[in-house]
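Right, one structure below, let's go through it.
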Amino acid sequence: MDPTDLAFAGIARQAELIAAGELSARDLLEVYLERIRRFDPKLNAFRVVFAERARMEADQADARRGAGTPPAQRPLLGVPIAVKDEQEVAGEVTTCGTGAYGEPAREDAEIVRRVRAAGAIVIGKTHMPELGAFPWTESPTWGVTRNPWERQRSTGGSSGGSAAAVSAGLVGAALAGDGGGSIRIPSAYCGLFGCKTQRGRVPLAPHVNAWHGLTVYGVLTRSVRDSALFYDAIADGAPDPGAPEVPRSSFLEAIGRGVSAAEGASPADSAPSRPLRIAVSSKLPPSPLARLHPENRAALGETAELLRGLGHEVSTCEVDQGPLAPGPEFMAIYLRSLHEDVAALAHPERVERRLRALARIGGALPPGALEWALGREPACAARLNEPLADHDVLLTPVTPAPAPSIGANEGRGWLGTSLAASAIVSYVACWNYTGQPACSVPAGFAADGLPRAVQLVGRPNDEATLIALAAQIESERPWAQIRPPGFE
């Protein structure tokens, strides 16, 4: 296979080729190391690349394959994966996008440990905004990460380095985290598939209950199948100590059902074996800066028509963004979490001024504000989920507008920055508060060539329906092999 085609093939296909002996893990790794050397200076996706360590891991993977290791035992054997720089890699510092970090990690984060146990090779760590606080990846310490589709545009955040790396074919998949849209927003801006799973499905250790339940870890990939393979390889029902039990779900089985349904099959146990009831909502919460851009509205409408053509029942059913929309509650948790994160840093004095200001506000919240915000979740979730009482899936935009320009929020104070960030996350952050699954699905391209996307929101614990539906959309509107210009 041509090296460029191999780089964009996705981790599922790469794992198949390695398992079949048609490709060595070492050869695949060298393809990516060469592309990182050539293209990353244009993007600044990686903070550090573990070239020699990864070569050793690739040779070990090839030895395991030669010894007959069954693919079911190590489903990601030999596949390079990048790690977002908020997740620990043993022996390496974890910067979280800031210069305030401390000593190197003594051991891998649980998600990294599971990635390695599944056979994957950790190729490097990707950039993020400072403490993951903003939905753009621009850091005073580590610089700007650029969108492969248009290098004067943002990748989004906070998993912006991971998105740039996967989108440009510098790695097949990259770990991510989502505390307020940080998987879905970079996916939308960079033309990728990104699923925020149910709270509790993917391990957070050693950061159990990160951001008091807002944060989940996950992955950014080129295709639905790539994400399904990853989640099946690393997720289980109770990943963290004290976490609530999450029903086991096979993502790959859900894909099979979704594609079968799209082709007219109707297996009895299939999530989409009947026409799904899909609610469409474009309503925004009140915001002086949030307006739905015509291209984003068009992506929503075109996807709704595509789903009707697949036989689903699609109707408008706006989400109630009134008094019980969780804006104040989310902000209370966010601000308190920033205060705690800054206080835990080795050198908090190095944090940029806007984040220091927001951390001070979080520390000054009245006693009981966090408990109030967390206690409001059931009432807010009930209101937000009213459309899902008689629908299977909610379809919304991911962001109100296309990717902003690099530096669009440079020089703003903490208030202006917060308002700009709140506008970007207006469709996504509420589902972090409720904890239920949601994913960003590519939806073609705007007139200027930038990727568009839509969001699918599911009932609690029902990733299977979202994955099946996303697979149907992908089968009708393939996107995984479309490459950003200049990265062939």
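The residue list GLU302, GLU313 contains one member that is within 25 Å of ASP226 (Cβ to Cβ), surrounded by fewer than 18 Cβ atoms within 10 Å (Cβ to Cβ) and at pLDDT 95 or above, which is GLU302. Of the set (1) at pLDDT 95 or above; (2) touching a helix residue (DSSP H, G or I) at 6+ places or on another chain (Cβ under 8 Å); (3) more than 30 Å from GLU476 (Cβ to Cβ), all apply to ALA325 but (1). Cβ-Cβ contacts under 7 Å between residues 6 or more apart (or on different chains), taken from a first residue in the stretch 96-112 that is in contact (Cβ under 8 Å) with a residue 12 or more places away in the chain to a second residue that is basic (Lys, Arg) and surrounded by fewer than 21 Cβ atoms within 10 Å (Cβ to Cβ), are listed as THR98/ARG350; GLY99/ARG350; ALA100/ARG350; ASP108/ARG116.
Residue-level check: of (1) aliphatic (A, V, I, L, M); (2) surrounded by 19 or more Cβ atoms within 10 Å (Cβ to Cβ); (3) in contact with a strand residue (DSSP E or B) (Cβ under 9 Å, 6 or more places away or on another chain), ALA7 misses just (3). Within the stretch 427-472, the set of residues being crowded, with 24+ Cβ neighbours inside 10 Å, among the hydroxyl-bearing types (Ser, Thr, Tyr) and not in a strand (DSSP E or B) comprises TYR427, TYR433. Residue pairs whose Cβ atoms lie under 9 Å apart, sitting 6 or more positions apart in sequence or on different chains, and linking a residue in the stretch 367-381 that is within 10 Å of THR434 (Cα to Cα) to a partner that is modelled with pLDDT of 95 or more and outside any helix (DSSP H, G or I), are GLU377/GLY435; ALA381/GLY435; ALA381/GLN436; ALA381/PRO460.
If you filter the stretch 365-382 down to residues that are more than 21 Å from PRO285 (Cα to Cα) and not in a helix (DSSP H, G or I), you find that the one that is nearest to the chain's Cα centre (by Cα) is LEU365.
So that you can scan it fast, the table gives a plain yes or no per residue for (1) of a type in the set (D, E, K, R); (2) closer than 22 Å to GLN472 by Cβ; (3) modelled with pLDDT under 85:
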position	(1), (2), (3)
HIS207	no, no, no
TRP211	no, no, no
PRO241	no, no, yes
ARG248	yes, no, yes
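Taking the residues in the stretch 413-426 that are outside any helix (DSSP H, G or I) and not aliphatic (A, V, I, L, M) as candidates, determine which candidate is surrounded by the fewest Cβ atoms within 10 Å (Cβ to Cβ). Can you show your working first?
The initial filter retains those residues of the stretch 413-426 that are outside any helix (DSSP H, G or I), namely 413, 425-426.
Still in the running and not aliphatic (A, V, I, L, M): 413, 426.
Numbers: GLY413: 10, SER426: 24.
Top of the filtered list is GLY413.
Out of curiosity, is PRO129 under 29 Å from SER426 (Cβ atoms) and not hydrophobic (A, V, I, L, M, F, W, C)? Yes, satisfied.
For (1) assigned to a helix (DSSP H, G or I); (2) of a type in the set (Ser, Thr, Tyr); (3) at pLDDT below 95; (4) crowded, with 16+ Cβ neighbours inside 10 Å, each residue gets a yes or a no:
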position: ALA54; (1), (2), (3), (4): yes, no, no, yes
position: ALA58; (1), (2), (3), (4): yes, no, no, yes
position: ARG65; (1), (2), (3), (4): yes, no, no, yes
position: PRO70; (1), (2), (3), (4): no, no, yes, no
position: ARG74; (1), (2), (3), (4): no, no, no, yes
position: LEU77; (1), (2), (3), (4): no, no, no, yes
position: VAL83; (1), (2), (3), (4): no, no, no, yes
position: GLN87; (1), (2), (3), (4): no, no, no, yes
position: GLY91; (1), (2), (3), (4): no, no, no, no
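From the residues in the stretch 383-412 that are of a type in the set (A, V, I, L, M, F, W, C) and either assigned to a helix (DSSP H, G or I) or modelled with pLDDT under 95 (or both), which one is surrounded by the fewest Cβ atoms within 10 Å (Cβ to Cβ)? By that ranking, first place goes to ALA389. Could we say that VAL122 is at pLDDT 95 or above, part of a strand (DSSP E or B) and in contact with a Ser or Thr (Cβ under 8 Å, 6 or more places away or on another chain) here? Against the criterion (at pLDDT 95 or above, part of a strand (DSSP E or B) and in contact with a Ser or Thr (Cβ under 8 Å, 6 or more places away or on another chain)), VAL122 does not qualify.
Return the only residue of ARG350, ARG376 being surrounded by fewer than 20 Cβ atoms within 10 Å (Cβ to Cβ), touching a Gly at 6+ places or on another chain (Cβ under 6 Å) and charged (D, E, K, R).
Details: ARG376 fails: touching a Gly at 6+ places or on another chain (Cβ under 6 Å).
It is ARG350.
The values are calculated or read from the model by the stated rules, or taken from the named source; none is laboratory data. Bear in mind the structure is a predicted one, so any value in this text is a computation, not a measurement. In this analysis, Cβ positions are derived from the backbone assuming ideal geometry, glycine residues included, and neighbour counts consider all displayed protein chains.
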